[in-house]
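The values are calculated or read from the model by the stated rules, or taken from the named source; none is laboratory data. This structure is a prediction, so every number in the text was calculated from the model and none was measured. Please note: Cβ atoms are built from the backbone with ideal geometry, for glycine as well, and neighbour counts cover all protein chains shown.
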């Protein structure tokens, strides 16, 4: 075996080392291991990709302090699907008030709300509304028809005829008579021919006794079935003989009957002029006082004409009172539904609260009367 010289071997080793170093410097693995510089257009929302008009927003993390939404309220249904309502009943009192001059009984117009002072059981009430009503009437002619005296019967027939002639086509009238019993001659009607026939049928009376309390009680009871304001024209002597009711019960019935005004025409005044006193005169005075009480309690008027010629004027005043009156409404301060009787008084005052003074054209003072019911019964509690 031939041995190479030392210098040749040294040069070959050097060439081999240089070749190995060059191969390591330019290899692809070494070049790919160098990290690339970061992309400045990249954010945490995603890569910077050109997607045209579409923008991909960043995902928002929920705030830590935001309270959770409240749960929906459960829907409660009424038992059996029924619907219930709440109704508040505020009591309103309506008063029919008539203001007339004492001299000629003429209606006094032009009064305002501030001119009326209403006292309920002595407590002042705030008047809400005041208006003048001119409406047709619904009335019952309650006639005493008994065989006690021809003069008394004649007075009754003349008074009934006088009232009949004041009726208007829109008025509804019923005619009843009484002795020991009540008799309905005609029910409510605006046919004046029917009313006239019922009055003409009064020819011969049957009994001489008169049960006025029972007859008036029955009339009041029947009138409660008719809506609205009603009037009773009671024409008779005012005496009572065999009624089952007493005067106290009669007065209690009047108090308990709303929306009814009683007007009375006393008969037999001419006979009283020739009386010489004694028990007959006392009975007459007591009877007339009863008629006046019935009228006063309900805001009506009472007359005792001596002559027939007085009747047209008397009924003119009644018509003036019925067809022209003030209607006052107020809400009572006592709202208890205890069924108690409330005393009511109506006064007239001026703008300063003093009693209202009226004068005629010559400056002379005029006296007047304020006519209204003296009270009403409160509602009973709802059970």
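Couple of notes before you dig in:
- Any hit, region 321-330, residues being assigned to a strand (DSSP E or B), on the phi < 0 side of the Ramachandran plot, at pLDDT below 90 and touching a strand residue (DSSP E or B) at 6+ places or on another chain (Cβ under 7 Å): yes
- Residue among 196, 160 that alone is in contact with a helix residue (DSSP H, G or I) (Cβ under 8 Å, 6 or more places away or on another chain), over 19 Å from residue 226 (Cβ atoms) and buried (at least 19 other Cβ atoms within 10 Å of the Cβ): 160
- For region 296-307, residues that are surrounded by 21 or more Cβ atoms within 10 Å (Cβ to Cβ) and in a helix (DSSP H, G or I) total 1.
- Top-ranked residue in region 328-371 [being touching a helix residue (DSSP H, G or I) at 6+ places or on another chain (Cβ under 9 Å) and surrounded by 11 or more Cβ atoms within 10 Å (Cβ to Cβ); ranked as nearest to residue 128 (Cα to Cα)]: 328
- Selection status of residue 318, in the same structural domain as residue 251 (by TED's automatic domain parsing), touching a strand residue (DSSP E or B) at 6+ places or on another chain (Cβ under 7 Å), closer than 30 Å to residue 161 by Cβ and in contact (Cβ under 8 Å) with a residue 24 or more places away in the chain: yes
- Residues (assigned to a strand (DSSP E or B) and either in contact (Cβ under 8 Å) with a residue 12 or more places away in the chain or at positive phi (or both)) located in region 341-363: 341, 342, 343, 344, 345, 346, 347, 348, 349, 358
- Of all residues making up region 117-140, the number that are touching a helix residue (DSSP H, G or I) at 6+ places or on another chain (Cβ under 6 Å) and surrounded by 15 or more Cβ atoms within 10 Å (Cβ to Cβ): 4
- Those helices (runs of 4 or more DSSP H) lying entirely in region 176-293 with at least 3 residues under 32 Å from the mean Cα position of the chain (by Cα) and not assigned by TED's automatic domain parsing to the domain that holds residue 158: none
- Flag for residue 100 being more than 35 Å from the chain's Cα centre (by Cα) and modelled with pLDDT under 95: no
- Check on residue 338, on the phi < 0 side of the Ramachandran plot and in the same structural domain as residue 294 (by TED's automatic domain parsing): no
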